[in-house]
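Visitor: Structure incoming, see below.
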Amino acid sequence: MSEAGEKHTVSMYFVKAAVASLSPAAAERALGLACIPAQLLAAPNARVPASAYSALWLAVARELDDEFFGLDRRAMKVGSFSLLCQAAISCGTLERALKRALRGFGLFLDDVAGELRVEGSAAVVRISNRIDDPVKRRFADETLMILLHGLMCWLVGRRVALDHVSFAHPRPSYAREYTLMYSHNLSFDALATCFSFDRGVLGAPVVQTAATLQHFLRNAPQSVFLKYRNEDSWSARIRRRLRSGLSDPAAWPVFDDLARELGTTATTLRRRLEAEGASYQAIKDRLRSDTAIDALCSSALSVDEIGFQLGFQDASAFHRAFKRWNGLQPGEYRRRQVGLNGSRP
């Protein structure tokens, strides 16, 4: 398996939310185009490659002629995000570009909007959301934040760290996804969904041009929701450390040794991970699961070879672990991928 880069995956929650507004036939078409087995929708713990979710987003947009998943009363027609980007790159600073983008979203959508305010040393984007259904309202908040933050980061050519993110809904079971998507400083049941960052970033120059915009759009939406993930959290730091030793997972450090490597105590590290909704065991499982999914989808290695490379000396142990992680046996996961792709990798 290649060690060239991180093999990110996306929670099944976002897959189910993406197709929720489609008819059964349209959902089947969209999932097929994204090479996501429809049977995975019944496995809440399953995950799919980030590239598959990106393809699904595009497929759903084409089915609905709506780049906002059919969540708003007004469809955000295909091509709207491109127009927002074109309008934003003509601005000199991030502040002007962000305000222009927020005005654009306000024109394209009826129920969801965002507003930029400066509060002391922080710049705050607050989202207003009038969608009645609480599940759709939450997904609309998540989607708009992904689009806004990804656009901000791309405009200035670097990740804009979010200091804090508040959600106007209870903490969901998949909240640990937020630490990579947004920030490790999260709160829930707030009066409004909002995110804050250093106000000094508002003065950063917009560095993108019409030429770079074409490349950005060709790789969207993956370039939006994946490229600028939060890599500063404790979970991400541990994941990078383990990734460097993925060729020999048996040599991964025990928790106390890992804490010392990171310059802290085991008690403090455990508390920080709990604040991010994570644990050392969950991070190890997630890394192995993501790597296994990538290998099953893109390599010719046998299932047992994949398990052995991930440190499972007993093939049956790998099969049990993969099913616990994703709701399917690894061989079945691969067969359903092959059925959608039409051939082996």
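Visitor: Would you confirm whether or not segment 252-262 contains a residue that is in contact with a Gly (Cβ under 7 Å, 6 or more places away or on another chain) and closer than 29 Å to LEU41 by Cα? Break it down into steps so the answer makes sense when it comes.
Guide: At the first step, the residues of segment 252-262 found to be in contact with a Gly (Cβ under 7 Å, 6 or more places away or on another chain) are 252.
Subsequent filtering for residues that are closer than 29 Å to LEU41 by Cα retains none.
No, every residue in segment 252-262 fails to be in contact with a Gly (Cβ under 7 Å, 6 or more places away or on another chain) and closer than 29 Å to LEU41 by Cα.
Visitor: Then there is this: If a residue must be in a helix (DSSP H, G or I), touching a helix residue (DSSP H, G or I) at 6+ places or on another chain (Cβ under 8 Å) and either aliphatic (A, V, I, L, M) or surrounded by fewer than 16 Cβ atoms within 10 Å (Cβ to Cβ) (or both), how many such residues does segment 33-51 contain? Steps first, please.
Guide: Taking segment 33-51 as the starting set, the residues that turn out to be in a helix (DSSP H, G or I) are 33, 38-42, 50-51.
Retained after the next criterion (residues that are touching a helix residue (DSSP H, G or I) at 6+ places or on another chain (Cβ under 8 Å)): 33, 38-41, 50-51.
With the extra rule that they be either aliphatic (A, V, I, L, M) or surrounded by fewer than 16 Cβ atoms within 10 Å (Cβ to Cβ) (or both), the set shrinks to 33, 38-41, 50.
Here the count works out to 6.
Visitor: Of these, ALA123, ALA140, ALA113, ALA97, which one is out of contact with any Lys or Arg (no Cβ under 6 Å at 6 or more places or on another chain), over 30 Å from SER173 (Cβ atoms) and at pLDDT 95 or above? Can you show your working first?
Guide: Working: ALA123 fails: out of contact with any Lys or Arg (no Cβ under 6 Å at 6 or more places or on another chain); ALA140 fails: over 30 Å from SER173 (Cβ atoms); ALA113 fails: over 30 Å from SER173 (Cβ atoms).
Sole residue among the options that is out of contact with any Lys or Arg (no Cβ under 6 Å at 6 or more places or on another chain), over 30 Å from SER173 (Cβ atoms) and at pLDDT 95 or above: ALA97.
Visitor: If PHE108 satisfies every condition in (1) out of contact with any Ser or Thr (no Cβ under 7 Å at 6 or more places or on another chain); (2) surrounded by 15 or more Cβ atoms within 10 Å (Cβ to Cβ) but one, which is the exception?
Guide: Of the numbered conditions (1) out of contact with any Ser or Thr (no Cβ under 7 Å at 6 or more places or on another chain); (2) surrounded by 15 or more Cβ atoms within 10 Å (Cβ to Cβ), the odd one out for PHE108 is (1).
Visitor: Search segment 164-182 for residues being of a type in the set (Gly, Ala, Ser) and surrounded by fewer than 18 Cβ atoms within 10 Å (Cβ to Cβ), and hand back the single one that is farthest from the chain's Cα centre (by Cα).
Guide: At the first step, the residues of segment 164-182 found to be of a type in the set (Gly, Ala, Ser) are 166, 168, 173, 175.
Next, from what is left, pick out any that are surrounded by fewer than 18 Cβ atoms within 10 Å (Cβ to Cβ): 173, 175.
Numbers: SER173: 15, ALA175: 11 Å.
Looking at the filtered set, the residue picked out is SER173.
Visitor: Of the conditions (1) at pLDDT below 95; (2) polar (S, T, N, Q); (3) closer than 20 Å to ILE127 by Cβ, SER21 clears all except one; give me its number.
Guide: Exception for SER21: condition (1).
Visitor: Considering only segment 68-118, state which residues are over 23 Å from the mean Cα position of the chain (by Cα), in contact (Cβ under 8 Å) with a residue 24 or more places away in the chain and either farther than 21 Å from ALA204 by Cα or not assigned by TED's automatic domain parsing to the domain that holds CYS194 (or both).
Guide: Residues satisfying the conditions are ARG73, ARG74, PHE108, ASP110, ASP111.
Visitor: From the list ALA220, ALA266, ALA211, ALA292, exactly one residue is over 21 Å from ALA161 (Cβ atoms), small (Gly, Ala, Ser) and exposed (fewer than 15 other Cβ atoms within 10 Å of the Cβ). Which is it?
Guide: Numbers: ALA220 fails: exposed (fewer than 15 other Cβ atoms within 10 Å of the Cβ); ALA266 fails: exposed (fewer than 15 other Cβ atoms within 10 Å of the Cβ); ALA292 fails: exposed (fewer than 15 other Cβ atoms within 10 Å of the Cβ).
Among ALA220, ALA266, ALA211, ALA292, only ALA211 is over 21 Å from ALA161 (Cβ atoms), small (Gly, Ala, Ser) and exposed (fewer than 15 other Cβ atoms within 10 Å of the Cβ).
One line per residue, one yes/no per condition, for (1) among the charged types (D, E, K, R); (2) assigned by TED's automatic domain parsing to the domain that holds ARG334; (3) within 29 Å of GLN309 (Cα to Cα); (4) modelled with pLDDT under 85:
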| residue | (1), (2), (3), (4) |
| --- | --- |
| CYS194 | no, no, no, no |
| ASP198 | yes, no, no, no |
| ALA210 | no, no, no, no |
| GLN214 | no, no, no, no |
| LEU246 | no, yes, yes, yes |
| ARG272 | yes, yes, no, no |
| GLU276 | yes, yes, yes, yes |
| TYR280 | no, yes, yes, no |
| SER289 | no, yes, yes, no |
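The values are calculated or read from the model by the stated rules, or taken from the named source; none is laboratory data. The shown structure was predicted, so the numbers you read here are calculated from the model rather than taken from an experiment. Don't worry about glycine lacking a Cβ; one is built from the backbone with ideal geometry, like all the others, and counts go over all protein chains shown.
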